[in-house]
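For reference, the structure is listed below as structure tokens.
The values are calculated or read from the model by the stated rules, or taken from the named source; none is laboratory data. What you are looking at is a predicted structure, and each value in this text was computed from that prediction instead of being measured. Every residue, glycine among them, receives a Cβ derived from its backbone with ideal geometry; neighbour counts consider all protein chains shown. These accessible areas exclude ligands, DNA and RNA; they are computed on the full protein's heavy atoms, side chains included. Shrake-Rupley method; radii C 1.70, N 1.55, O 1.52, S 1.80 Å.
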Amino acid sequence: MPLLLAAAAAGFSWYATSRLIAVNRVRDSYPLRLLAVGHGDKTVTLSSGPDAAEPGAFRLAWPGGQARVGSVTASGPGFVTRALSQVRGDLKPGGPAGIEPDAFVGDPRTALGLSFSAVRVPTPLGGMPAWQIAGRRSTWVILIHGLGGSRADTLPAMPYLHALGFPMLAITYRNDAGAPASPDRRSHLGGAEWHDAAAAVRYAASRGASGVVLFGYSLGGAMAAVTAEVSPSRGLIRGLVLDSPVLDWRATLAYQGQRHGIPQPLVSLTEALLSWRIGLSYTQFDLFQHESSLHVPILLIQGTADTIVPPALADAFARADPGQMTYLRVVGADHVSAIDTDPSGYRTALARFLAPYP
């Protein structure tokens, strides 16, 4: 029996790590049901479920269409009714749907009406596709999406940054759609990918940037911090915007284990196996150990209802060095959803934090 338990534990951990390092791209999911559409397509009633009642405005997706949902107008056992607008596609009751935090699809021009250039950032693996948007300032903002995401995830912040006059570079990194693959075609959970963010810093400098602010989401936030600490180009980095960042991989894995009822010994085994399979350095991705090495101002953005990274970790990180930290804590926001839950607060925080940069 002990041998069978050990084999089962090893099998679970191997499966879990395989899921983590596989190159998977986040796609729309449909865990909810469309119960009713009312008031001339002005409201939609959804079944209760993931994010159905999350405060804010979001993209409602269903097979073959999408719309914008806003405030909750009614709720009860098993249902939530929300304001509805910008319907594209045939919205019929009875079908599946889902609430998505990425408000836009497409590119800066099709989604936002912003002109951009399609460029490639040189790296040892080849050119990484990027969107480059002009601005009047000499400091560039480099936008880094999270694990399994895409450049489109960075679109919601672009109108704010454009209005402030910042040139922008929304990057891809190895294994992204259209980007060169890593040699082993595995995700290294930031351990190798941060080099592509560092290449983007060099690219911006070669195109006239006097400095850069790295704006990272989730894993992209961890990559931004590592780049600011150890990259040879770190002297060009003037600040960090970290939205729902992975501050500590061990703590994030433990948090997911607790949420899904996985015993701690299994989580520990998974951590060890993950490090062995891809060489992930947990020390490098424990930002608490390196906070004193980040000699730049930081805007930290965290939702209190985050289901991916532990919100309490962001609270502690903000308290660790209040001198260089600006903290936007958004009550009720899920992972990278603060901009949807509190767009006014998000916009104000960005404007104040970025105001000093030329």
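State all residues of segment 305-326 that are of a type in the set (A, V, I, L, M, F, W, C) and under 14 Å from the mean Cα position of the chain (by Cα); if no residue qualifies, say none. Give the derivation first.
Here is the first cut: in segment 305-326, the residues of a type in the set (A, V, I, L, M, F, W, C) are 305, 308-309, 312-314, 316-318, 320, 325.
I308, V309, listed by residue number.
Say we look at segment 112-132 and pick out the residues that are farther than 15 Å from S182 by Cα and among the hydrophobic types (A, V, I, L, M, F, W, C); which of these is most open to solvent (accessible area, probe 1.4 Å)? Show your work before the answer.
Filtering segment 112-132 for residues farther than 15 Å from S182 by Cα gives 112-121, 130-132.
Checking which are among the hydrophobic types (A, V, I, L, M, F, W, C) leaves us with 112, 114, 116, 118-119, 121, 130-131.
Numbers: L112: 45, L114: 20, F116: 35, A118: 89, V119: 29, V121: 3, A130: 1, W131: 23 Å².
Result: A118.
If I filter segment 311-335 down to residues being open to solvent by 40 Å² or more (accessible area, probe 1.4 Å) and over 12 Å from L300 (Cβ atoms), which single residue comes out as modelled with the lowest pLDDT?
Checked segment 311-335; the qualifying residue modelled with the lowest pLDDT is G323.
Do we have F104 as open to solvent by 50 Å² or more (accessible area, probe 1.4 Å) and under 21 Å from the mean Cα position of the chain (by Cα) here?
yes
Any residue that is over 30 Å from R174 (Cα atoms), of a type outside the set (F, W, Y), assigned to a loop (DSSP other than H, G, I, E, B) and at pLDDT 85 or above - is there at least one of those in segment 70-77?
Narrowing segment 70-77 to residues over 30 Å from R174 (Cα atoms): 70-77.
Among the residues that remain, those that are also of a type outside the set (F, W, Y) are: 70-77.
After this cut, where a residue has to be assigned to a loop (DSSP other than H, G, I, E, B) as well, the list is 77.
After this cut, where a residue has to be at pLDDT 85 or above as well, the list is 77.
Yes, segment 70-77 contains a residue that is over 30 Å from R174 (Cα atoms), of a type outside the set (F, W, Y), assigned to a loop (DSSP other than H, G, I, E, B) and at pLDDT 85 or above.
I need every pair where a residue in segment 335-347 that is without any contact (Cβ under 8 Å) to a residue 40 or more places away in the chain has its Cβ under 9 Å from the Cβ of a residue that is in a loop (DSSP other than H, G, I, E, B), sequence separation at least 6 or different chains.
Close Cβ pairs (under 9 Å, with a partner that is in a loop (DSSP other than H, G, I, E, B)) do not exist here.
Within segment 245-299, which residues are in a strand (DSSP E or B) and open to solvent by 10 Å² or more (accessible area, probe 1.4 Å)? Please lay out each step first, then the result.
If we filter segment 245-299 for residues that are in a strand (DSSP E or B), which is where we start, we get 248, 286, 298-299.
Within segment 245-299, D248, D286 meet the criteria.
Looking only at segment 45-56, decide whether some residue is polar (S, T, N, Q), outside any loop (DSSP other than H, G, I, E, B) and modelled with pLDDT of 80 or more.
Let us first name the residues in segment 45-56 that are polar (S, T, N, Q), namely 45, 47-48.
Narrowing the set further to residues that are outside any loop (DSSP other than H, G, I, E, B) leaves 45, 47.
Restricting the remaining residues to those that are modelled with pLDDT of 80 or more gives 45, 47.
Checked segment 45-56: at least one residue is polar (S, T, N, Q), outside any loop (DSSP other than H, G, I, E, B) and modelled with pLDDT of 80 or more.
Checking the structure you have, find out if any residue of segment 159-174 is surrounded by 23 or more Cβ atoms within 10 Å (Cβ to Cβ) and on the phi > 0 side of the Ramachandran plot.
The answer is no; no qualifying residue exists.
From (1) touching a residue at least 60 places away in the same chain (Cβ under 8 Å); (2) surrounded by 24 or more Cβ atoms within 10 Å (Cβ to Cβ); (3) not in a helix (DSSP H, G or I), pick out the condition that doesn't hold for H188.
(2)
Starting from residues that are among the small types (G, A, S) and part of a loop (DSSP other than H, G, I, E, B), keep the ones in segment 78-124 and report whichever is nearest to D340 (Cα to Cα). Quick ask: steps written out before the conclusion?
Taking segment 78-124 as the starting set, the residues that turn out to be among the small types (G, A, S) are 78, 83, 85, 89, 94-95, 97-98, 103, 106, 111, 113, 115, 117-118.
Still in the list and also part of a loop (DSSP other than H, G, I, E, B): 78, 89, 94-95, 103, 106, 113, 115.
Numbers: G78: 23, G89: 22, G94: 26, G95: 24, A103: 8, G106: 18, G113: 20, S115: 23 Å.
Here the answer is A103.
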